[in-house]
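**Student:** Pasting a structure here, questions to come.
The values are calculated or read from the model by the stated rules, or taken from the named source; none is laboratory data. Not measured: the values here are computed from a predicted model. Backbone-built Cβ (ideal geometry, glycine too); neighbour counts: all protein chains shown. For accessibility, only protein heavy atoms count, side chains too; no ligands or nucleic acids. Shrake-Rupley method; radii C 1.70, N 1.55, O 1.52, S 1.80 Å.
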Amino acid sequence: SDYQQLGYNLRINLFQGGPLKSQSLVRDSYTPDVFQKAVIDPRHWHGRKISELGRWYEKYFLDLNVQKAMKEKYG
């Protein structure tokens with residue numbers, strides 16, 4: 001059956017994965033100095049600032065702690 005054939009292919013490792021060296025249009029389009037000059041801003045992450053994300057998590061965990069304390073105190 002197809003299922004057994006797939007299992008056989010996986011066992012003998014016919015599907016060896018992708019190439020070890022990947023190619024991308026961005027890397028092929030620009031010279032290496034562009035990537036060396038690029039500065040990664042750790043405060044800006046996927047269009048969001050880390051400080052904004054940190055404030056959200058701080059409020060979220062504060063809310064969880066308040067709910068937990070209320071449940072312990074009032075049941």
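**Student:** Can you tell me which residues in the stretch 12-25 are modelled with pLDDT of 75 or more and open to solvent by less than 80 Å² (accessible area, probe 1.4 Å)?
**Tutor:** Residue satisfying the conditions is S24 alone.
**Student:** Do we find that Q67 is among the polar types (S, T, N, Q), at pLDDT 75 or above and surrounded by 10 or more Cβ atoms within 10 Å (Cβ to Cβ) in this structure?
**Tutor:** Values: among the polar types (S, T, N, Q): yes; at pLDDT 75 or above: yes; surrounded by 10 or more Cβ atoms within 10 Å (Cβ to Cβ): yes.
Criteria met by Q67.
**Student:** Could I ask something else about it? Please verify whether Y60 is modelled with pLDDT of 75 or more, among the hydroxyl-bearing types (S, T, Y) and not in a loop (DSSP other than H, G, I, E, B), treating the condition exactly as stated.
**Tutor:** Yes, satisfied.
**Student:** Which condition from (1) open to solvent by 100 Å² or more (accessible area, probe 1.4 Å); (2) at pLDDT below 75 is the one that I50 breaks?
**Tutor:** The number of the failed condition is (1).
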